[in-house]
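The values are calculated or read from the model by the stated rules, or taken from the named source; none is laboratory data. Everything quoted here is computed from the prediction, not taken from an experiment. With ideal geometry, Cβ positions are generated from the backbone for all residues, glycine too; neighbour counts draw on all protein chains shown. Surface accessibility is based on the protein's heavy atoms, side chains included, excluding ligands, DNA and RNA. Shrake-Rupley method; radii C 1.70, N 1.55, O 1.52, S 1.80 Å.
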Amino acid sequence: LTPGTQVGPYRVDGLIARGGMGAVYRATRNDGALVALKVLGGARRPEQVLRFEREAELTARLSHPGIVRVHGAG
């Protein structure tokens, strides 16, 4: 994704990092909040999508200063 791309309520500001499953971008939500936007990359196999959804669900249950809050997934 390139800076300025709109993904739902998020505007991509730039790339933070790439990994084995995709990339994480710095983004701004429509209300001005800065967020990290994780995006699956390439051809997505069903098991990758399930893993991504499971990771988001489990992480959303956690509350710790060293763990990023999950606001949504889809």
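Counting only Cβ charges, +1 for Lys and Arg and -1 for Asp and Glu, the dipole size of the chain around its Cα centre is about 100 debye. Here, the chain yields an orientationally averaged convex hull projection of 5.3 nm² when only Cα atoms define the hull.
What is the sum of charges, Lys and Arg at +1 and Asp and Glu at -1, for the other residues whose Cβ falls under 12 Å from the Cβ of Ala17?
Net charge around Ala17: +3.
Given their separation in residues at 0.36 nm each and the Cα-Cα distance between them, His64 and Arg45 gain 3.7 nm when the chain is fully extended.
Expressed as a whole percent, the accessible surface of the chain that belongs to carbon and sulfur atoms is 55, based on a 1.4 Å probe.
Heavy atoms of the protein chains alone define the surface here; on that basis the stretch 1-67 has 71 Å² accessible area per residue at 1.4 Å probe size.
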